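Notes follow once the structure below has been shown.
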Amino acid sequence: MPTAQASVETSQPSRYLVCLCRHAMKPNHRLRDALGQVGRESPELIDVEWTNSEAIVHLTWGTCALHAGVDTLTVRVEAPNEHSLRRLQALIAADLQRFGRRSAEAVRWTQPHSS
(Lines give C-alpha, C1' and ligand atoms only; values in the text may rest on other atoms or scores of the structure.)
Protein backbone atom coordinates (compact mmCIF):
# COMPACT_ATOMS: atom_id res chain seq x y z
CA MET A 1 0.00 0.00 0.00
CA PRO A 2 1.25 3.51 -0.73
CA THR A 3 2.39 5.36 2.40
CA ALA A 4 3.73 8.78 3.31
CA GLN A 5 5.08 10.28 6.51
CA ALA A 6 5.51 13.79 7.87
CA SER A 7 7.23 15.16 10.97
CA VAL A 8 5.72 18.44 12.10
CA GLU A 9 7.87 20.40 14.53
CA THR A 10 5.69 22.13 17.11
CA SER A 11 5.72 23.06 20.77
CA GLN A 12 2.27 21.43 21.14
CA PRO A 13 2.26 18.05 19.35
CA SER A 14 -0.28 16.50 21.73
CA ARG A 15 -2.68 19.41 21.20
CA TYR A 16 -2.58 18.92 17.42
CA LEU A 17 -3.10 15.16 17.74
CA VAL A 18 -6.18 15.61 19.95
CA CYS A 19 -7.58 18.43 17.76
CA LEU A 20 -7.22 16.32 14.63
CA CYS A 21 -9.00 13.34 16.22
CA ARG A 22 -11.85 15.45 17.61
CA HIS A 23 -12.19 17.21 14.27
CA ALA A 24 -12.43 13.89 12.43
CA MET A 25 -15.29 12.83 14.71
CA LYS A 26 -17.45 15.87 13.91
CA PRO A 27 -20.61 14.98 11.99
CA ASN A 28 -20.79 16.40 8.48
CA HIS A 29 -17.05 17.10 8.37
CA ARG A 30 -16.20 18.27 4.87
CA LEU A 31 -12.79 18.33 3.25
CA ARG A 32 -11.48 21.83 2.68
CA ASP A 33 -8.71 22.34 0.19
CA ALA A 34 -5.70 24.61 0.70
CA LEU A 35 -7.81 27.62 -0.32
CA GLY A 36 -10.48 26.81 2.27
CA GLN A 37 -13.05 25.74 -0.31
CA VAL A 38 -15.26 22.77 0.50
CA GLY A 39 -14.54 19.79 -1.70
CA ARG A 40 -17.20 17.74 -3.44
CA GLU A 41 -16.24 14.54 -1.74
CA SER A 42 -14.99 13.77 1.72
CA PRO A 43 -13.90 10.57 3.40
CA GLU A 44 -16.19 8.85 5.85
CA LEU A 45 -14.87 8.17 9.32
CA ILE A 46 -14.72 4.47 10.12
CA ASP A 47 -13.06 4.62 13.54
CA VAL A 48 -10.77 6.81 15.65
CA GLU A 49 -8.86 5.91 18.80
CA TRP A 50 -6.47 8.20 20.65
CA THR A 51 -4.58 9.07 23.77
CA ASN A 52 -2.61 12.27 24.32
CA SER A 53 0.41 10.73 22.56
CA GLU A 54 -0.87 8.14 20.04
CA ALA A 55 -3.77 7.99 17.61
CA ILE A 56 -5.12 5.98 14.73
CA VAL A 57 -7.79 7.34 12.42
CA HIS A 58 -9.45 4.98 9.93
CA LEU A 59 -11.17 6.70 7.02
CA THR A 60 -12.63 5.34 3.79
CA TRP A 61 -9.62 6.87 1.97
CA GLY A 62 -7.06 5.15 4.21
CA THR A 63 -5.48 5.23 7.66
CA CYS A 64 -3.66 7.96 9.55
CA ALA A 65 -1.41 7.10 12.52
CA LEU A 66 -0.13 9.90 14.75
CA HIS A 67 2.55 10.06 17.44
CA ALA A 68 3.11 13.11 19.63
CA GLY A 69 6.72 13.34 20.77
CA VAL A 70 8.35 16.07 22.87
CA ASP A 71 8.44 18.67 20.09
CA THR A 72 7.31 16.77 16.99
CA LEU A 73 4.05 15.33 15.71
CA THR A 74 4.75 12.36 13.44
CA VAL A 75 1.99 11.57 10.95
CA ARG A 76 1.94 8.42 8.81
CA VAL A 77 -0.76 7.86 6.21
CA GLU A 78 -1.49 4.71 4.26
CA ALA A 79 -4.04 4.28 1.47
CA PRO A 80 -5.07 1.60 -1.02
CA ASN A 81 -3.87 3.66 -4.02
CA GLU A 82 -1.88 6.79 -4.90
CA HIS A 83 -4.98 8.91 -5.57
CA SER A 84 -6.44 8.19 -2.13
CA LEU A 85 -3.02 8.75 -0.54
CA ARG A 86 -2.74 12.23 -2.11
CA ARG A 87 -6.26 13.14 -0.99
CA LEU A 88 -5.52 11.93 2.56
CA GLN A 89 -2.25 13.87 2.67
CA ALA A 90 -4.05 17.05 1.54
CA LEU A 91 -6.80 16.56 4.13
CA ILE A 92 -4.42 16.02 7.06
CA ALA A 93 -2.04 18.83 6.01
CA ALA A 94 -4.90 21.33 5.57
CA ASP A 95 -6.37 20.48 8.98
CA LEU A 96 -3.00 20.70 10.76
CA GLN A 97 -2.14 24.00 9.09
CA ARG A 98 -5.56 25.41 9.99
CA PHE A 99 -5.15 24.34 13.65
CA GLY A 100 -1.71 25.99 13.73
CA ARG A 101 -2.62 29.15 11.83
CA ARG A 102 -0.80 31.39 14.32
CA SER A 103 2.39 29.40 14.23
CA ALA A 104 1.97 28.21 10.59
CA GLU A 105 3.11 24.64 11.11
CA ALA A 106 4.61 23.20 7.92
CA VAL A 107 3.69 19.68 6.80
CA ARG A 108 6.29 18.14 4.49
CA TRP A 109 5.56 14.62 3.33
CA THR A 110 8.18 11.97 2.56
CA GLN A 111 7.95 8.41 1.36
CA PRO A 112 9.19 6.04 4.11
CA HIS A 113 11.86 3.54 3.11
CA SER A 114 10.78 -0.05 2.63
CA SER A 115 12.47 -2.62 4.85
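Residues are listed down the side, and each one gets a yes or a no for (1) modelled with pLDDT of 95 or more; (2) open to solvent by 100 Å² or more (accessible area, probe 1.4 Å):
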{"position": "7", "(1), (2)": "no, no"}
{"position": "11", "(1), (2)": "no, yes"}
{"position": "35", "(1), (2)": "no, yes"}
{"position": "47", "(1), (2)": "no, no"}
{"position": "55", "(1), (2)": "yes, no"}
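For segment 68-86, a tally of residues being free of Cβ contacts under 8 Å to residues at least 60 places away in the same chain and touching a helix residue (DSSP H, G or I) at 6+ places or on another chain (Cβ under 8 Å) returns 3. In segment 74-87, the residue that is surrounded by the fewest Cβ atoms within 10 Å (Cβ to Cβ) out of those that are in contact with a strand residue (DSSP E or B) (Cβ under 8 Å, 6 or more places away or on another chain) and modelled with pLDDT of 95 or more is 80. Looking only at segment 60-73, count how many residues are open to solvent by 20 Å² or more (accessible area, probe 1.4 Å), touching a Ser or Thr at 6+ places or on another chain (Cβ under 6 Å) and either modelled with pLDDT of 95 or more or aliphatic (A, V, I, L, M) (or both). The total comes to 1.
The values are calculated or read from the model by the stated rules, or taken from the named source; none is laboratory data. Note that this is a predicted model, so its numbers are computed, not measured. Positions of Cβ are generated from backbone atoms using ideal geometry, with glycine treated the same way; all protein chains shown enter the neighbour counts. Side chains are part of the model used for accessible areas, which takes the heavy atoms of the whole protein and leaves out ligands, DNA and RNA. Shrake-Rupley method; radii C 1.70, N 1.55, O 1.52, S 1.80 Å.
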